[in-house]
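Student: One structure follows; several queries about it will come next.
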Amino acid sequence: MQNIITYLTLFFTVLVMQAQTETTTVNADAAPTKYQQGMQKAFQLWQDDKSWEAANVFERIATAEPDNWLPPYYVAQINVINSFTEKDGTKLKAQLDKAQNFINDATAISKDNPDLLVLQAQLYTAWIVFDGQQYGMTYSAKASELYNKALALAPNNPRMILSKAEWDMGGAKYFGQSVEPYCKDIQRAIDLFATFKPAGEFYPTYGEERAKQVQAESCK
Amino acid sequence: MKISVITFLTLFLPFFFFGQNPVSGTVTDNSGVPIIGANVYLDGAYDGASSDVNGKFSFETSETGTQTLIISYVSFEPYKLTDDVSKMQNLKITLRDDVNSLETVTISAGSFSAGDNSKISVLKPLDIVTTASALGDFVGALQTLPGTTTVAEDGRLFVRGGDASETQIFIDGIRVFTPYSPTTDNIPTRGRYSPFLFDGITFSTGGYSAEYGQALSSVLLLNTIDEPAQEKTDIAIMSVGGGLGHTEKWEKSSLSLNASYINLAPYIAILPDRNDWQKPFETASGEAVFRQKIGNGLLKIYGAFDTSNFALTQEDVNQSEGVHFKLNNQNFYTNASYSEVLNEGWTIFGGGSYTYGNTKVGIDEAEIKDVENSAHLKLKLKKRFSNRFKLDFGAEQFVTGFNENYDEPNFAVKLGFNNNISAAFTEADIIFSRKMALKLGVRGEYSELFKELTVSPRASFAYKTGKHSQLSLAYGDFFQQPENEVLKFTNDLEAQHTQHYIMNYQYAANNRIFRAEIYKKQYSNLVTYNEAIPDVNSVFTNSGDGYAQGLDLFWRDNESIKNVDYWVSYSYLDTERKYKNFPFEATPSFANTHNLSVVAKYWISDWKSQIGFSYQYGSGRTYTDLNEPGFLQKKTRGYNSLSLNWAYLLSQQKILYFSINNAFAFKNVNGYQYANTPDSNGNFARRELRPAADQFFFVGFFWTISDDKKDNQLDNL
């Protein structure tokens, strides 16, 4: 289990860095709306390493934009990411409960959304990292199923391909098996990232750098 | 000119004009400590700020008129203030602790829980199946917890001086009437239900909720999995049989099936034991769980069928040729429940179970045929008034029909009874703060058979004594009808009664748990009769009584030694009772003074193996030495057993599993059987009651086939 943990912690560190490159996608033509201003402000705070303040801004936007899944998605994502380094069980539970509530809110707005499924899988992973003995068995099965489902919903989304491949590689490494079968998936993700266009403004775009890093580390 | 500028601004740039409404204040917790990073904002607007290092916040808003200000921070209850924006200045806001937090005190007196998200789990789901001595039987794993007594030849749960019938088992809140496969003397039984289908277990050794009745000592609550993680097929090939499981999922429903076949014939052919088996133990069983989501509700239907048979001749001191015993049992259990979260904090739960048990037993010439039909219906409503106050209430009905035909060459009799019990209960959960919680309940039961009404109050209280420690107290009155073995002869009795007083201290931090519990149990109205084995002519009364008191200690540590998880349980028990045909109060043979369990698991990454170790010690148990005056006046020597297991992961989905029970082959004596009549010297001959086999070996291969190629059956072992 330890290998998977180190692995995923690494993955999330990179994820944070990439989620923040988001800020550059601004519609320059029209005067920014309150929503755009708010989102930009939040991403700016996140980039400035003030992730909790960023989460607060996303949370405010979520109350003002009850039909948009992105603000609750980012509130949840920040809580999940910060949980990977949290050692205090009480805080961890509070953060993950909060993240779960926001994932539930976002899912109510946008059903069968592969990005939300992957985030849910990452939330389970945070529990596994915290206490593998207690949560490992049940939550890793649930996470696996979510990665499968996300990929089935978006078979050509490079982020889904990468997420599932990385999860499977973590398992294979843990059991001392070859990760080689998954390298073609990583290559495919990299190819698709080259032409990947997010579905809309402020949509998640992370993953390309991570895919290249995985390829360099595990697929010679 | 001045005026027109203002008019202009008012008309065209209301933003500038009204954009100056300041909102400001300070956020603290209830002890006055500033809260840093709280989110302060107007509901539905973009305007807001985070509180700074001094808990101060300020921002400006273009909103006017009546608005709702929300202040939220993780692990505190959100605060809402609805007022005119102009008045939202220099606010002093105190956030209340969110009592849903992990830090909130929990009532832990008397109960152990194993589950995913319970606040403090003494056992983890995996433990049920990776404890070396348990051999996949959840009851076996629970026997390593304090409060239980080692009665190795029986296999059931004996809790705090109570006999096995004093523990009741519930699946999804609905009673299981025949939880154990019937067996004969000196052959331990196993729980009927596979741990595979359950994800939450609560084992209460006393002082439990008013929701549960008809148990003098203990309740064991098993919850079936709400939603299985994924589709998969499990194959098990074992030295004693085989098993097959499959889970199928659909959009809103899922079905899990599990079938197994056990036959001890090959094992006994290779490793004969002390019994002379004509037909070694054979059992076939099937279980199914179907789950369907209906709106906000969940319907679960569980069904289990099993059939088992065996025939053997057991040594007997009174019969040189031995006693011939054969048994054939069919058991069917089904349980359906529906729960739904309604509006305004209401939750409804309704369910029912039906049990059919058919047992044919042959002892030498006698043929005994028992048929039991039992049902349980339950309706429960829960109202959540706030996070701090919840109320449960419900009603239930138990129906049991029991018939027995007893046939001997020169004698035959038909016995039977119908036992209907109606019950109602209510319970309030009050959380005063994170430090203090109280649970108050009352339960009323009416027995149609006895025309008797019983009322049992229950109360428990918990107080947090430090960041990681807490103290709990519990009190309760418990009633239980006598067993079928008595009711089939008479209905001129009353319910048996106990009172529990429990004090529990718990410390939990950094993957270490320490629990200490002292208790006192007072028994009254126990059933007595005037013959060793009751029959139609026996005289039954409710004049028995007794007590049990003791100390239970538990320590679990998953932190100090790398890759090692271990726990130690110790129980001290002092108990005496007068019941059955006891001439006076005495310590029954199933109760011993000291019990110790040590369980350890070691994960060796390089070997992809988990090695398990489990040691159990029970001090001597009482028996009556007929050659000396007295009753239950002697004690056997202590019981020792050390079990080992090894789970080896061949690949992600294939596991090889070995286990040995009593690896050092300690010679254990569970008691003595004395001759009915003395020999020519006036001595009663006796025979040691030894386990049928000193050791048990098990080899299994478990293979899981699932889409993700990752799941395995480690959690089934």
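Student: List the pairs whose first member sits in the stretch B:676-690 and is touching a residue at least 60 places away in the same chain (Cβ under 8 Å), whose second member is loosely packed, with under 13 Cβ neighbours inside 10 Å and not charged (D, E, K, R), and whose Cβ atoms are under 6 Å apart, counting only residues at least 6 apart or on separate chains?
Tutor: Within 6 Å, the pairs are B:Asn676/B:Asn318.
Student: Is it true that B:Ala663 is of a type in the set (Gly, Ala, Ser), over 30 Å from B:Ile533 (Cβ atoms) and either surrounded by 14 or more Cβ atoms within 10 Å (Cβ to Cβ) or without any contact (Cβ under 8 Å) to a residue 40 or more places away in the chain (or both)?
Tutor: Judged against the criteria, B:Ala663 is a match.
Student: So the check is Cβ under 9 Å with 6+ separation or different chains; which pairs have a first residue in the stretch B:411-423 that's in the same structural domain as B:Arg175 (by TED's automatic domain parsing) and a second one that's surrounded by fewer than 14 Cβ atoms within 10 Å (Cβ to Cβ) and part of a strand (DSSP E or B)?
Tutor: From residues that are in the same structural domain as B:Arg175 (by TED's automatic domain parsing), the pairs are B:Phe411/B:Ala366.
Student: Considering the stretch B:590-627 alone, what residues qualify as being of a type in the set (S, T, N, Q) and assigned to a strand (DSSP E or B)?
Tutor: Passing the criteria: B:Asn595, B:Ser597, B:Ser609, B:Gln610, B:Ser614, B:Gln616, B:Thr622.
Student: Further, regarding this structure: From the set of residues in the stretch B:20-47 that are on the phi > 0 side of the Ramachandran plot and over 45 Å from the mean Cα position of the chain (by Cα), which is farthest from the other protein chains (Cβ to nearest Cβ)?
Tutor: Only one residue tops the list, namely B:Gly25.
Student: How about the stretch B:266-292: which of its residues are exposed (fewer than 15 other Cβ atoms within 10 Å of the Cβ), of a type in the set (A, V, I, L, M, F, W, C) and either in contact with a helix residue (DSSP H, G or I) (Cβ under 7 Å, 6 or more places away or on another chain) or without any contact (Cβ under 8 Å) to a residue 60 or more places away in the chain (or both)?
Tutor: B:Ala269, B:Ile270
Student: What residue, of B:Phe290, B:Phe325, is within 31 Å of the chain's Cα centre (by Cα), more than 20 Å from B:Gly136 (Cα to Cα) and at pLDDT 90 or above?
Tutor: B:Phe290
Student: Which pairs turn up if I take residues in the stretch A:87-111 that are within 9 Å of chain B (Cβ to nearest Cβ) and surrounded by fewer than 17 Cβ atoms within 10 Å (Cβ to Cβ) and look for partners that are of a type in the set (Lys, Arg) and not in a helix (DSSP H, G or I) with beta carbon separation below 8 Å, at least 6 apart in sequence or on another chain?
Tutor: none
Student: Give the residue that is farthest from the other protein chains (Cβ to nearest Cβ), with candidates limited to residues of the stretch B:652-711 that are part of a loop (DSSP other than H, G, I, E, B) and among the small types (Gly, Ala, Ser).
Tutor: Among those that are part of a loop (DSSP other than H, G, I, E, B) and among the small types (Gly, Ala, Ser), it is B:Ser680.
Student: Before we move on, is B:Gly350 out of contact with any Gly (no Cβ under 6 Å at 6 or more places or on another chain) and closer than 25 Å to B:Glu372 by Cβ?
Tutor: The answer is yes for B:Gly350.
Student: Scan the stretch B:443-461 and give yes if some residue there is under 30 Å from A:Asp88 (Cβ atoms), touching a strand residue (DSSP E or B) at 6+ places or on another chain (Cβ under 7 Å) and not acidic (Asp, Glu), otherwise no.
Tutor: Yes, that holds for at least one residue.
Student: How many residues are hydroxyl-bearing (Ser, Thr, Tyr), part of a loop (DSSP other than H, G, I, E, B) and within 30 Å of A:Leu96 (Cα to Cα) if we restrict to the stretch B:57-79?
Tutor: Total meeting the criteria: 2.
Student: In the stretch B:85-98, is there at least one residue being modelled with pLDDT under 90, touching a helix residue (DSSP H, G or I) at 6+ places or on another chain (Cβ under 8 Å) and buried (at least 18 other Cβ atoms within 10 Å of the Cβ)?
Tutor: Checking the stretch B:85-98: at least one residue is modelled with pLDDT under 90, touching a helix residue (DSSP H, G or I) at 6+ places or on another chain (Cβ under 8 Å) and buried (at least 18 other Cβ atoms within 10 Å of the Cβ).
Student: One residue is enough: does the stretch B:548-558 have a residue meeting the conditions surrounded by fewer than 19 Cβ atoms within 10 Å (Cβ to Cβ) and within 14 Å of chain A (Cβ to nearest Cβ)?
Tutor: Yes, the conditions are met somewhere in the stretch B:548-558.
Student: What single numbered condition from (1) buried (at least 17 other Cβ atoms within 10 Å of the Cβ); (2) under 29 Å from A:Glu59 (Cα atoms); (3) under 13 Å from the mean Cα position of the chain (by Cα); (4) not small (Gly, Ala, Ser) fails to hold for A:Glu166?
Tutor: (2)
Student: Can you tell me which residue within the stretch B:48-75, out of those that are within 49 Å of the chain's Cα centre (by Cα) and of a type in the set (D, E, K, R), is farthest from the other protein chains (Cβ to nearest Cβ)?
Tutor: Among them, the one singled out is B:Lys56.
Student: Somewhere in the stretch B:185-202, is a residue at pLDDT 85 or above and assigned to a loop (DSSP other than H, G, I, E, B)?
Tutor: No, there is no match, as no residue in the stretch B:185-202 is at pLDDT 85 or above and assigned to a loop (DSSP other than H, G, I, E, B).
Student: Could you identify the single residue in A:Lys149, A:Lys184, A:Lys220 that is assigned to a helix (DSSP H, G or I) and either in contact (Cβ under 8 Å) with a residue 60 or more places away in the chain or more than 29 Å from B:Glu251 (Cβ to Cβ) (or both)?
Tutor: That would be A:Lys184, the only listed residue that is assigned to a helix (DSSP H, G or I) and either in contact (Cβ under 8 Å) with a residue 60 or more places away in the chain or more than 29 Å from B:Glu251 (Cβ to Cβ) (or both).
Student: Something else about it: Among the residues of the stretch A:52-68, is any more than 11 Å from every other protein chain (Cβ to nearest Cβ), in a helix (DSSP H, G or I) and either surrounded by 19 or more Cβ atoms within 10 Å (Cβ to Cβ) or at pLDDT below 85 (or both)?
Tutor: There is no residue in the stretch A:52-68 that is more than 11 Å from every other protein chain (Cβ to nearest Cβ), in a helix (DSSP H, G or I) and either surrounded by 19 or more Cβ atoms within 10 Å (Cβ to Cβ) or at pLDDT below 85 (or both).
Student: Can you name every residue in the stretch B:306-315 that is surrounded by 17 or more Cβ atoms within 10 Å (Cβ to Cβ) and either closer than 14 Å to B:Val289 by Cα or not aliphatic (A, V, I, L, M) (or both)?
Tutor: Answer for the stretch B:306-315, where residues must be surrounded by 17 or more Cβ atoms within 10 Å (Cβ to Cβ) and either closer than 14 Å to B:Val289 by Cα or not aliphatic (A, V, I, L, M) (or both): B:Asp306, B:Ser308, B:Phe310, B:Thr313, B:Gln314, B:Glu315.
Condition check ((1) over 13 Å from the mean Cα position of the chain (by Cα); (2) at pLDDT 85 or above; (3) outside any helix (DSSP H, G or I)) across all residues:
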{"site": "A:Lys87", "(1), (2), (3)": "yes, no, yes"}
{"site": "A:Leu96", "(1), (2), (3)": "yes, yes, no"}
{"site": "A:Ala99", "(1), (2), (3)": "no, yes, no"}
{"site": "A:Ile103", "(1), (2), (3)": "no, yes, no"}
{"site": "A:Gln134", "(1), (2), (3)": "yes, no, no"}
{"site": "A:Ser144", "(1), (2), (3)": "yes, yes, no"}
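Student: Let me ask something else. With respect to A:Asp185, is the statement that it is within 12 Å of another protein chain (Cβ to nearest Cβ), of a type outside the set (Phe, Trp, Tyr) and either in contact with an Asp or Glu (Cβ under 8 Å, 6 or more places away or on another chain) or surrounded by 15 or more Cβ atoms within 10 Å (Cβ to Cβ) (or both) true?
Tutor: no
Residue-wise test of (1) at pLDDT 95 or above; (2) among the small types (Gly, Ala, Ser); (3) under 30 Å from B:Phe702 (Cβ atoms); (4) surrounded by fewer than 17 Cβ atoms within 10 Å (Cβ to Cβ).
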{"site": "B:Asn581", "(1), (2), (3), (4)": "no, no, no, yes"}
{"site": "B:Ala586", "(1), (2), (3), (4)": "yes, yes, no, no"}
{"site": "B:Phe590", "(1), (2), (3), (4)": "no, no, no, no"}
{"site": "B:Trp607", "(1), (2), (3), (4)": "no, no, yes, yes"}
{"site": "B:Ser614", "(1), (2), (3), (4)": "no, yes, yes, no"}
{"site": "B:Tyr617", "(1), (2), (3), (4)": "yes, no, no, no"}
{"site": "B:Asn645", "(1), (2), (3), (4)": "no, no, yes, no"}
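Student: Restricting to the stretch A:192-220, what's the tally of residues that are at positive phi and not small (Gly, Ala, Ser)?
Tutor: Final tally of qualifying residues: 1.
Student: With the condition kept exactly as written, say whether any residue in the stretch B:227-237 is touching a Lys or Arg at 6+ places or on another chain (Cβ under 9 Å), in the same structural domain as B:Glu483 (by TED's automatic domain parsing) and either polar (S, T, N, Q) or in a strand (DSSP E or B) (or both).
Tutor: Checking the stretch B:227-237: at least one residue is touching a Lys or Arg at 6+ places or on another chain (Cβ under 9 Å), in the same structural domain as B:Glu483 (by TED's automatic domain parsing) and either polar (S, T, N, Q) or in a strand (DSSP E or B) (or both).
The values are calculated or read from the model by the stated rules, or taken from the named source; none is laboratory data. Note that this is a predicted model, so its numbers are computed, not measured. Positions of Cβ are backbone-derived with ideal geometry, glycine not excepted, and every protein chain shown enters the neighbour counts.
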